[in-house]
Amino acid sequence: MKAANSVFSSLGTTIFATMSALAAEHGAINLGQGFPDDEGPDDVRAAAAKAILEGPNQYPPMMGLPALRQAVAAANKRFYGLDIDWQSEVMVTSGATEALADCLIGLLNPGDEAIVLEPAYDSYKPVIEAAGAKAVPVSLEPPHWSLPLESLAAAFSAKTKLIVLNTPMNPTGKVFTRAELDAIAALLIRHDAYAVCDEVYEHLVFSGHRHIPLMTLPGMRERCLRIGSAGKTFSLTGWKVGYVTGPAHLLQTVAKTHQFVTFTTPPALQSAVAFGLAKDDAYFAGLAASLEAKRDRLAKGLAEAGLDVLPTDGTYFISADFRSLGFNGTDDEFCRDITMKAKVGAIPLSAFYADPAKAPQHLARFCFCKQDAILTEASARLKAYTKGQGA
Ligand code: PMP
Ligand code: GLN
């Protein structure tokens, strides 16, 4: 029989699903896949419940409910000073995952190249390849994950159509600096390229750091598609409501992809997210402060268990170097070992690289958007485990 699509038939199940299943099988605390273990804000959920009961529940407009597109435009102004036309420059999607696919398929032609900074979120590469384009990886070096400007400049070619820029960055917790963004902007202008900006963690940034959308830099307004996610901004990852902000000349084509991928997104969830985006500053500051305290709690626990903790300035994630424990194996083996023996799940960093041979093999990613008691218990379990390892 004829083979199915070669990009997808060669792929395994995502590392997040695999490690979540392993954690469930072994009764482990799941600090692998990134999702909060609470239910999200009561008022946002109440708005969704009310909207479901009152309707309408039929297809909403293809670009998204006007109320949510207006709320996204207003949030762009409020948080970043961006003037956005909600009718032609905002589109609602079924999660950032769909937004990424729409943007990449909408921009790329077969033969194009797309630069991907590694470690990279897992959905970028398969979608780039499904569009017939080539993903060109550029690696950031641990432990500081600074942008290697020379290799980045060398990765651009006449075929470069775009860069995928994820800041704050999963899995590193890196928040790109203004100087790094300036350098990326200069390259995009020099090579007449675009940026697909995955900013799902835009509000999850910790003290002393500030999220700067690339789109706010000179010359970037016309070259960036900026993606947000209600899943992260309202701790409602199962809702899958995302939004793309971008210039009309790009969004027009991206909308054509969306119309044949999902076409629309549940209207009740859209109106609840519109309500959420209008919440006061205390909500957004409180979300970041609460996660920062959780980061600190888990960082302390991991350090007490003998791991070398890497800095993290945003997102849900913290990475740790386990070589200090004397563990003799790869990151994948380490994550499986702690899931089965310590009963704490994590994600191996090498899973975020196209070529595992080029990936660091000594880092594990832990998710800290969990109840304090869970983080404390996970830390105690890891401490008991490392004691048993003789560390
Ligand atoms: N990009 C990154 C970097 C992510 O971590 C996630 C989380 N799953 C997504 C995109 C997808 O977001 P969503 O759940 O809204 O599809
Ligand atoms: N973004 C989540 C993470 O990095 C996972 C989402 C998924 O399972 N696809 O953990």
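The values are calculated or read from the model by the stated rules, or taken from the named source; none is laboratory data. If you're wondering where the values come from, they're calculated on a predicted model, not measured in any experiment. Here the Cβ positions follow ideal geometry from the backbone for every residue, glycine too, while neighbour counts run over all protein chains shown. Accessible surface areas use protein heavy atoms only, side chains included; no ligands, DNA or RNA. Shrake-Rupley method; radii C 1.70, N 1.55, O 1.52, S 1.80 Å.
Give the residue that is most open to solvent (accessible area, probe 1.4 Å), with candidates limited to residues of segment 277-333 that are of a type in the set (S, T, N, Q) and over 14 Å from residue 348 (Cα atoms). Of everything passing the filter in segment 277-333, 328 is most open to solvent (accessible area, probe 1.4 Å). Tell me, which residue of segment 21-66 that is within 16 Å of ligand 1 (Cβ to nearest atom), in a loop (DSSP other than H, G, I, E, B) and not acidic (Asp, Glu) is surrounded by the most Cβ atoms within 10 Å (Cβ to Cβ)? Here the residue is 31.
Residue-wise test of (1) within 14 Å of ligand 2 (Cβ to nearest atom); (2) on the phi < 0 side of the Ramachandran plot; (3) in contact with a Lys or Arg (Cβ under 9 Å, 6 or more places away or on another chain).
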position	(1), (2), (3)
9	no, yes, no
13	yes, yes, no
17	yes, yes, no
32	yes, yes, yes
47	no, yes, no
56	no, yes, no
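When the residues of segment 235-261 are filtered to those that are over 16 Å from residue 64 (Cβ atoms) and within 16 Å of ligand 2 (Cβ to nearest atom), the one that is surrounded by the fewest Cβ atoms within 10 Å (Cβ to Cβ) is 238.
Restricting the search to helices (runs of 4 or more DSSP H) fully inside segment 219-314 and requiring at least 3 residues that are more than 21 Å from the chain's Cα centre (by Cα) gives 248-261, 267-277, 281-304. What residue, among those in segment 154-190 that are of a type in the set (Gly, Ala, Ser) and over 23 Å from residue 244 (Cβ atoms), is nearest to ligand 2 (Cβ to nearest atom)? Filtering first and then ranking leaves 173. The residues of segment 4-17 that are open to solvent by less than 50 Å² (accessible area, probe 1.4 Å) and within 16 Å of ligand 1 (Cβ to nearest atom), listed by number, are 15, 16, 17. Of all residues in segment 166-218, those that are more than 16 Å from ligand 1 (Cβ to nearest atom) and either without any contact (Cβ under 8 Å) to a residue 12 or more places away in the chain or under 20 Å from the mean Cα position of the chain (by Cα) (or both) total 16. Scanning segment 352-391 for residues that are over 19 Å from residue 325 (Cβ atoms) and at pLDDT below 95 yields 354, 355, 356, 357, 358. Scanning segment 355-368 for residues that are more than 16 Å from ligand 1 (Cβ to nearest atom) and either within 17 Å of the chain's Cα centre (by Cα) or part of a strand (DSSP E or B) (or both) returns 363, 364. Considering only segment 365-381, I want to know if a residue exists there that is closer than 28 Å to residue 139 by Cβ and β-branched (Val, Ile, Thr). No, that holds for no residue. Considering segment 214-234, and only residues there that are open to solvent by 10 Å² or more (accessible area, probe 1.4 Å) and touching a His at 6+ places or on another chain (Cβ under 9 Å), the residue that is farthest from ligand 2 (Cβ to nearest atom) turns out to be 222.
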